[in-house]
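Quick notes on the structure that follows.
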Amino acid sequence: MSQFWKPGAEKPRILDDEEGGVLFLSSSASSSGYGYVSIEKQRQRLPVYKYRTAILYLVEHHATTVIVGETGSGKTTQIPQYLKEAGWADGGRIIACTQPRRLAVQAVASRVAEEMEVKLGEEVGYTIRFEDVTDANKTRIKFLTDGVLLREMMDDPLLTKYSVIMVDEAHERSVSTDIVLGLLKKIQKCRPELRLIVASATIEAKAMAAFFQTRKRRTTKLVESTTSEESAILSVEGRGYNVEIHYVEEPVSDYLQAAVSTVQLIHNKEPYGDILVFLTGQDDIDAAVKLINEEARNGGKNSSGLFALPLYSGLSRAEQELIFSPTPRGKRKVVISTNIAETSLTLEGIVYVVDSGFSKQRFYNPISDIENLIVSPISKASARQRAGRAGRVRPGKCYRLYTEEYFLKEMSAQGIPEIQRSNLVSSVIQLKALGIDNILGFNWLAAPSPETMIRALEVLYSLGVLDDDAKLTSPIGFQVAEIPLDPMISKMILASNELGCSEEALTIAAVLSIQSIWVSGKGIQKELDEAKLRFAAAEGDHVTFLNVYKAFLQSGKSSQWCYKNYINYQSMKKVLEIREQLRRIAQRLGIALKSCGDMQAVRKAATSGYFSNACQLEAYSHNGMYKTVRTSQEVYIHPSSVLFRVNPKWIVYHSIVSTDRQYMRNVVSIDPSWLTEVAPHFYRQQAPNPFIH
DNA sequence: GAGCACTGC
């Protein structure tokens with residue numbers, strides 16, 4: 001056992017989340033630290049316990065209750081139980097609690113089932129994609145991702161089976177959370193008996209409460225009700241330890257170097273305890289790890305006994321496991337991480353945090369229709385969250401690599417909500433499917449720019465999903481909305497039905513939904529390229545995916561086979577899972593499952609979805625420069641594509657990554673005549689004559 | 001010949 005774990009504390013558990021990642025799950029606040037105490041006692045020790053009556057009173061009397069609860073307050077596990085005890089689940093009604101992430105849903109649900117001494121999946125259950133652990137007759141408390149709740153609204157727009165819906169982690173402002181909150185506000189108008197609880201970790205609560213404030217209805221009074229339409233706000237303290245904040249005195253110019261020096265300073269001056277460093281991305285992290293470990297190996301006087309490990313989502317399974325292996329006696333562990341350690345996973349045993357003040361954030365440009373990842377300053381809320389990571393086991397320290405003046409005067413209080421930084425195509429079709437006709441007039445918690453909304457409407461119109469009145473078309477629009485994929489991929493699946501290649505389209509759709517089917521890694525580039533060549537198809541990446549999938553099935557879905565061919569076995573398992581879900585949905589939509597082996601049909605189906613991403617090779621280009629048909633932007637095939645350096649004259653791409661150039665990832669060659677064939681409206685309008693050779 | 005913050009259906 002590591003010397004850094006507090007004696008008597010519960011040891012960390014490593015959970016296999018079956019998604020290719022081993023994630024670290026902290027033991028919940030209520031179960032650690034005190035030796036044996038009864039579950040009831042543990043529950044009563046949580047900070048939220050003394051607000052039990054107040055919470056129940058507010059929920060009884062207010063349509064919406066906003067609860068500000070810091071980490072460790074116990075709000076997530078306790079409030080659903082209080083509601084159940086108070087009778088909110090009587091008469092077959094259900095109490096729902098949403099989370100942004102799958103793993104949190106599972107963890108919280110099992111904890112609550114344990115506390116209530118019931119079998120998970122009966123009285124307490126959860127639903128996440130691919131996994132429904134509920135019982136239609138028995139489940140009274142249900143945890144689910146907010147994405148699943150959105151899907152449920154398509155079958156039951158008023159969410160009639162729920163008596164109370166608690167939206168947790170609302171401060172994170174994920175796209176789904178924002179949309180769910182906007183829709184819940186609408187549902188409240190039809191269902192005055194529905195109760196909402198919005199749980200947030202920050203003082204954004206006021207804005208949240210104001211959002212849910214509804215005007216008093218003066219004219220009709222159908223139901224005599226004592227419910228106040230004023231939202232209530234309640235604050236619950238957390239149970240973290242104090243974290244001392246340190247700032248640099250002068251702004252740093254090189255935060256990578258500054259982070260490394262700070263780690264060495266802590267190691268030199270401070271008592272034992274692990275260090276967590278927040279940097280922005282893989283490159284910086286690998287560089288910092290190397291600097292620290294090399295100095296330690298060379299016997300640097302400030303680094304003896306230090307060892308650094310990287311943490312980011314792209315790590316292989318084996319590399320991830322390293323992070324959780326015990327720290328050797330007399331050593332100090334430094335974990336250098338992306339934002340993944342800010343919310344998605346919790347490392348116990350961290351006493352010191354070094355915060356660079358930056359993270360990579362997605363920004364969407366509706367004019368170019370491209371999403372970029374840009375290194376950007378974090379918000380005060382993020383900075384507090386990062387600091388809090390140091391105070392989980394004992395009082396800690398946080399070293400900020402920016403000045404106090406910068407923190408106080410320049411750092412924005414909250415980040416820009418994700419919905420204002422994203423492509424909205426998927427969100428808009430979901431809202432349309434739920435009967436929200438006026439997208440621009442939707443009651444957004446934070447409205448996206450009109451340009452982004454209009455761009456999304458244009459894309460959906462060009463796909464034939466929306467008609468001239470911006471209403472869902474029948475059947476295509478409704479079918480595309482049913483499929484849980486980017487509408488362009490969904491359109492490819494629908495087109496494949498007529499082309500007789502739906503089996504192939506489902507496989508391609510599943511592969512395009514995951515990050516990558518290839519193993520990642522720096523030292524194995526040559527081997528990886530060679531492995532790719534064994535499956536490479538002249539038609540492009542999409543057809544290559546089909547070759548890989550076929551060979552994987554022939555191998556008997558063998559992990560050994562994957563290993564030999566530099567294919568990520570976890571990714572392939574996920575492909576199987578997604579494909580199975582898509583197959584069921586396709587059948588429900590009346591799509592005949594057919595395989596034709598004709599790659600021309602497959603490419604045509606892809607073109608039906610991706611015609612707006614068509615590109616032509618520049619006539620005299622010697623360096624593989626393409627121009628997009630729609631906007632004449634300069635783009636290049638990504639070196640990871642099987643068509644890199646092959647450079648066919650006409651292609652469609654699945655996505656673009658922007659670095660020093662715009663690189664197209666996952667491309668397939670097409671015949672330009674297909675463009676006018678599958679999207680005559682689009683190409684007649686946008687590019688009257690794009691086919692001049 | 002290059003590079004991938006993080007989720008989710």
Taking just the alpha carbons, could you work out the radius of gyration and Dmax for region A:536-584, both in angstroms?
11.1, 31
Can you run phi through the Karplus equation (6.51, -1.76, 1.60; θ = phi - 60°) for region A:257-271 and list ³J(HN,Hα) in whole Hz, with x for Gly and Pro?
5, 4, 5, 4, 4, 5, 4, 5, 5, 4, 4, 6, 9, 10, x
In cubic angstrom per residue, the convex hull of region A:47-236 built on its Cα atoms measures 114 Å³
Give, to the nearest whole percent, the P(r) tail of region A:359-402 beyond 14 angstrom, counting all Cα pairs.
62 percent
Per the helix-only calculation at 222 nm, which mean residue ellipticity applies to chain A, given -39500 (n - 2.57) for every DSSP H run of n ≥ 4 and division by its residues, nearest 500 deg cm²/dmol?
-11000 deg cm²/dmol
Cross-link partners among lysines for A:LYS564, C-alpha distance below 21 Å, same-chain residues fewer than 8 apart left out?
A:LYS522, A:LYS526, A:LYS532, A:LYS550, A:LYS573, A:LYS574
Karplus couplings for region A:366-376 from phi (6.51 cos²θ - 1.76 cosθ + 1.60, θ = phi - 60°), rounded to Hz, Gly and Pro as x?
x, 6, 7, 6, 10, 9, 10, 9, 10, 5, 9
For region A:549-638, what is one quarter of the convex hull surface built on the Cα atoms, given in nm²?
8.8 nm²
With +1 at each Lys and Arg Cβ and -1 at each Asp and Glu Cβ, the charge dipole magnitude of chain A around its Cα centre, to the nearest 20 debye, comes out at 960 debye
Report, in whole Å, the centroid distance computed from the Cα atoms of region A:547-606 and region A:64-121.
37 Å
List the equivalent ellipsoid semi-axes of region A:404-450 in whole Å, largest first, each obtained as the square root of 5λ for an eigenvalue λ of the Cα gyration tensor.
32, 10, 7
Averaging 1/r across every pair of distinct alpha carbons in region A:243-418 and inverting yields a Kirkwood hydrodynamic radius, in angstrom, of 16.7 Å
Long-range tail of P(r) for region A:483-680 (Cα pairs > 22 Å, %)
47 percent
DSSP-defined antiparallel bridges as percent of all bridges, region A:83-150, nearest 5:
25 percent
4 °C / 1.567 mPa s Stokes-Einstein diffusion coefficient of region A:42-130, Kirkwood radius on C-alpha pairs, µm²/s
93 µm²/s
What does DSSP give for chain A in terms of the percent of beta bridges that are antiparallel, rounded to the nearest 5?
35 percent
Fewest Cβ neighbours within 10 Å first, please rank A:ILE336, A:ILE436 accordingly.
A:ILE436, A:ILE336
With every atom except the alpha carbons ignored, what do you get for Rg and Dmax of chain A, in angstroms?
26.6, 80
For region A:305-374, list log₁₀ I(q)/I(0) at each q in 0.13, 0.14, 0.15, 0.16 Å⁻¹, using the Debye formula over Cα point scatterers of equal strength and ignoring solvent, two decimals each.
-0.50, -0.56, -0.62, -0.68
Take the eigenvalues of the Cα gyration tensor for region A:232-290, scale each by 5, and report the square roots as semi-axes in whole Å, largest first.
28, 17, 14
Per-residue counts of other Cβ atoms within 10 Å, averaged by peptide: what ranking do you get for A:554-563, A:236-245, A:569-578, highest first?
A:569-578, A:236-245, A:554-563
Hey, which of these cross-link pairs are over 24 Å Cα-Cα: A:LYS269/A:LYS333; A:LYS185/A:LYS360; A:LYS119/A:LYS142; A:LYS360/A:LYS380?
A:LYS185/A:LYS360
Region A:47-236, relative contact order [Cα under 8 Å, separation at least 6], %:
33 percent
For chain A, calculate the relative contact order in percent as a whole number, restricting contacts to Cα pairs under 8 Å that are 6 or more residues apart.
11 percent
Under a straight-distance cross-link criterion of Cα-Cα below 19 Å, which aspartates and glutamates are reachable from A:LYS290, leaving out those fewer than 8 residues away in the same chain?
A:ASP254, A:ASP274, A:GLU319, A:GLU321, A:ASP355
If you take the Cα Rg of region A:136-209 and divide it by 2.2 N^0.38 Å, with N the number of residues, what do you get?
1.09
Determine how many Å³ per residue the convex hull of the Cα atoms of region A:411-505 encloses.
109 Å³
Which whole number of Å³ per residue matches the convex hull of the alpha-carbon atoms in region A:519-602?
107 Å³
Principal axis box of region A:106-167, alpha-carbon based, largest edge first, Å
33, 21, 20
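Each reported figure results from applying straightforward, stated rules to the coordinates on display, with no laboratory input. Fair warning: this is a prediction, and the values are worked out from it, not measured in the lab. When we count neighbours, we look across all protein chains shown, and the Cβ atoms used for this are built from the backbone with ideal geometry, even at glycine.
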